[in-house]
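Below is one structure, written out as structure tokens, with a few remarks after it.
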Amino acid sequence: MSKGNGRMRVLEIVAPGGGQEGVAGEVWPGAEVVGWAVDESLSEAGGRAPYDAVLASHVLQLVEGAKVVEAVRCWVGWLREGGELHLVAPDLAWACEQIAKQHEADRFTLGVIYGQGERVHRSGFTVGLLRSVLAAAGLKAKMARLGPYRMVGTDGAGVEHEVIARQVYVVGVKTTTTDREMNDRKDEEDGDA
């Protein structure tokens, strides 16, 4: 699956100031995990490519909406053929459901939409939106699902609260050149019909 010593090579993209880092070691025990913060030079991580997997957990929503596909295409460029891109983001649909149920937004729901502190959300995602990002970046969708994640914070009185929010998790595969050529031919044939 990987080069050299046979260990899987994983790039874990983390947000400036941390937050969700350390997840890759749990997902792929024994893998060689390289951490890269999105505020570092792109050449820093790309220079150590190719990777078997790239994980961006709770990072993509920090990227400006118009630049999301560009960022994902960059990350795809660091994958080996057949490598997987794993994207995890807060579920915007969950936040909308909470507002509809409560007829107002609590600080946790607003955190899913807008971010917290210096981690300002510049885009938001649902399963459908993340699947379309994978497709626009040239990846074949392997998996898409919703799952829980824990948010902890304090209210104005300093009392700690915990909320179980929902996140979107998608996996895309970098197809081989032959796969892409076959898909291009199929698209051309479909266009002739």
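Details
- For region 80-98, the criterion of a residue being loosely packed, with under 15 Cβ neighbours inside 10 Å, within 23 Å of Glu12 (Cα to Cα) and in contact with a Lys or Arg (Cβ under 7 Å, 6 or more places away or on another chain) is satisfied by at least one position.
- Qualifying residues in region 18-33 (those that are of a type in the set (Val, Ile, Thr) and within 16 Å of the chain's Cα centre (by Cα)) - the one modelled with the lowest pLDDT: Val23
- When region 156-171 is limited to residues that are more than 29 Å from Val54 (Cβ to Cβ) and without any contact (Cβ under 8 Å) to a residue 40 or more places away in the chain, the one that is nearest to the chain's Cα centre (by Cα) turns out to be Glu162.
- When Glu84, Glu70, Glu64, Glu97 are checked against the criterion of being of a type in the set (Asp, Glu) and either under 18 Å from Trp28 (Cα atoms) or touching a His at 6+ places or on another chain (Cβ under 6 Å) (or both), a single residue qualifies: Glu84.
Residue by residue, here is whether (1) under 20 Å from Leu79 (Cα atoms); (2) of a type in the set (Val, Ile, Thr); (3) part of a strand (DSSP E or B); (4) modelled with pLDDT under 95 holds:
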residue: Thr109; (1), (2), (3), (4): no, yes, no, yes
residue: Gly128; (1), (2), (3), (4): no, no, no, no
residue: Ser132; (1), (2), (3), (4): yes, no, no, no
residue: Met151; (1), (2), (3), (4): no, no, yes, yes
residue: Val173; (1), (2), (3), (4): yes, yes, yes, no
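- Near pairs, Cβ below 7 angstrom, 6+ apart or cross-chain, from region 1-25 (farther than 21 Å from Gly111 by Cβ) to any residue that is of a type in the set (Ser, Thr, Tyr) and modelled with pLDDT of 60 or more: Arg9/Tyr51; Val10/Tyr51; Leu11/Tyr51
- Lone unmet requirement of (1) buried (at least 17 other Cβ atoms within 10 Å of the Cβ); (2) assigned to a loop (DSSP other than H, G, I, E, B); (3) of a type in the set (A, V, I, L, M, F, W, C) for Ala105: (1)
The values are calculated or read from the model by the stated rules, or taken from the named source; none is laboratory data. It should be emphasised that the depicted structure is a prediction, and the values quoted were computed from it without experimental measurement. Here the Cβ is made from the backbone with ideal geometry for all residues, glycine too, and neighbour counts use every protein chain on show.
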